[in-house]
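**Student:** Have a look at the structure that comes next, please.
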Amino acid sequence: MDLGLLYPTRDRGEADFAELCRRLDPALGLTFAYPEWGEAVDPAAAVREIGAPERLTRAADQFPATPDVVSWACSSCSFTRGLDGARAQARALTGRLGVPASSTSLAYLAALERLDVDRVALASVYRSDLTADFAAFLAEAGVTTVHAVSADAGSDRALAAWGPARIFELAEAAGHEDAQVVLVPETALHTTPVLAELETRLGKPVLTATAVTVWDALDRLGEEPVQDGLGTLFRSAAGRRRPSSSSS
């Protein structure tokens, strides 16, 4: 099987996705395509602009062959359009390619539903207004954010260079006793090597952007991607997907 990922910026977090896909058994094929950024300068406006459905469908034409499933692997570029906007992105991609489609933001909703949780903490690399946008997106699906930290960490180039210590620090700062899970919504972070340790340190599931994106893509194909060492989500051999707010 092959996963096609639309990814916002070259040479950032692709290696983390590739590592996770290699660690699955059987390994998952992986291809990237890159939408074009627009002219907006403000970060919130820029991620909304690149997430326009027509930009995504044009980028999808870059895939050398049609993948079995496709996902828009950018958290902020999907949640800033709200739940209806994220669904519209996925519908546009399915219409273009004729395969199941999702995004990192929709993947978070699917993962939370699969784990049957609705109280989360956010370990956000974004500035506070974008963190609030993600919390609002989750709230549309009935998920309550009980605590959030906003690192305001700057560019995805800088985030791609974060080592384990900084990722641990962010996640631990977000931890809260009332949260059932901690979300780390940034696909530039290299989180695959530290998934197990993140959960050990926080004592609860930690859902990273890379992990939920890949898990959700496989789940939309009817697969149950169970694999040791990749955190709670990949240990959960739950039943097949049921209709939900995360469906496109």
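Read-outs: derived from the displayed coordinates by stated rules, not from any lab. Only a predicted model underlies this, so the values are computations on that prediction, with no experimental measurement involved. Here the Cβ is made from the backbone with ideal geometry for all residues, glycine too, and neighbour counts use every protein chain on show.
**Student:** Taking the chain as a Gaussian network, where each spring joins two C-alpha atoms under 10 Å apart, which residue of P43, P225, P185 fluctuates the most?
**Tutor:** P43
**Student:** Which stretch or stretches of segment 144-179 have amide N atoms under 19 Å from the point lying 7 Å from E197's Cα along the Cα→Cβ direction?
**Tutor:** Output list for this probe position: 159-175.
**Student:** What number, in percent, do you get for the relative contact order of segment 117-216 if the mean sequence gap of Cα pairs under 8 Å and at least 6 apart is divided by its residue count?
**Tutor:** Dividing the mean separation by the residue count of segment 117-216 yields 32 percent.
**Student:** Normalised by the residues of the chain, what does the relative contact order come to in percent, with Cα pairs under 8 Å and at least six apart?
**Tutor:** 21 percent
**Student:** Shifting gears a bit: Around F234, with a cut-off of 12 angstrom between Cβ atoms, what is the net charge of the other residues, counting Lys and Arg +1 and Asp and Glu -1?
**Tutor:** Here the count lands on -4.
**Student:** Above 28 angstrom, tally the Cα pairs of the chain and express them as a % of all pairs, no decimals.
**Tutor:** 22 percent
**Student:** A173 to E223: extension gain in nm, 0.36 nm per residue of separation minus the Cα-Cα distance?
**Tutor:** Going from the current span to full extension adds 14.6 nm.
**Student:** State, in angstrom, two size descriptors of segment 149-206 derived from its alpha carbons: Rg to one decimal place and Dmax to the nearest whole number.
**Tutor:** Expressed in Å, the Cα Rg and Dmax of segment 149-206 come to 11.1, 33.
**Student:** So for S155, S76, S124, S105, fewest C-beta neighbours within 10 Å to most, what's the order?
**Tutor:** Neighbour counts put them in this order, fewest first: S155, S124, S76, S105.
**Student:** Then there's this: Counting other beta carbons within 10 Å of each Cβ, put D25, D2 in order, fewest first.
**Tutor:** D25, D2
**Student:** May I pose another question? In the chain, what cysteines have no partner Cβ closer than 4.7 Å?
**Tutor:** C21
**Student:** Going by how many other Cβ atoms sit within 10 Å of their own, how do W162, W215, W37, W72 line up, fewest first?
**Tutor:** In order of increasing Cβ crowding within 10 Å: W37, W162, W215, W72.
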